[in-house]
Amino acid sequence: MIPLAGPPGSLALMNAPDALPGYEALLPPDTTFRNEVAARVAPTIATYRPGRAAKKIKIPNPVLCQRYRQRYATGPNAAICARRAEG
């Protein structure tokens, strides 16, 4: 088992500066859910590219661009996804 979210530089599936605080903010105070996953999911997550499906998204581009500009995607990634969604 490895951590799902951790601080930068840690061995975790998500280790961006805001990954751990963002993950913890989603959990209810009384949760029993543990911050760990089976290491076997790492290859699947490492190759996950949600931008590949951008053409299938049926929402207006301004909404798409705003969403991708939030914490887990950089400005350049948002622009790439917007272009893909336009077809």
Problem set entry | Verdict on Ala16 being in a helix (DSSP H, G or I) and modelled with pLDDT under 90 | no
For this session: Answer yes if at least one residue in the stretch 26-38 is of a type in the set (A, V, I, L, M, F, W, C), within 30 Å of Arg83 (Cα to Cα) and in contact (Cβ under 8 Å) with a residue 12 or more places away in the chain, and no otherwise.
Result: no
For this session: Residues being among the charged types (D, E, K, R), surrounded by 10 or more Cβ atoms within 10 Å (Cβ to Cβ) and over 15 Å from the mean Cα position of the chain (by Cα): count how many of those fall in the stretch 19-54.
Result: 1
Problem set entry | Within the stretch 39-57, considering residues that are in a loop (DSSP other than H, G, I, E, B) and either out of contact with any helix residue (DSSP H, G or I) (no Cβ under 9 Å at 6 or more places or on another chain) or of a type in the set (Phe, Trp, Tyr) (or both), the one nearest to Arg83 (Cα to Cα) | Arg49
Problem set entry | Single condition Ala16 does not satisfy, out of (1) over 30 Å from Arg83 (Cα atoms); (2) surrounded by 13 or more Cβ atoms within 10 Å (Cβ to Cβ); (3) of a type outside the set (Ser, Thr, Tyr) | (1)
Exercise. Could you say whether any residue in the stretch 3-13 is part of a loop (DSSP other than H, G, I, E, B), modelled with pLDDT under 90 and over 11 Å from the mean Cα position of the chain (by Cα)?
Worked result: no
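The values are calculated or read from the model by the stated rules, or taken from the named source; none is laboratory data. Just so it is clear, the model here is predicted, and its values are computed rather than measured. Don't worry about glycine lacking a Cβ; one is built from the backbone with ideal geometry, like all the others, and counts go over all protein chains shown.
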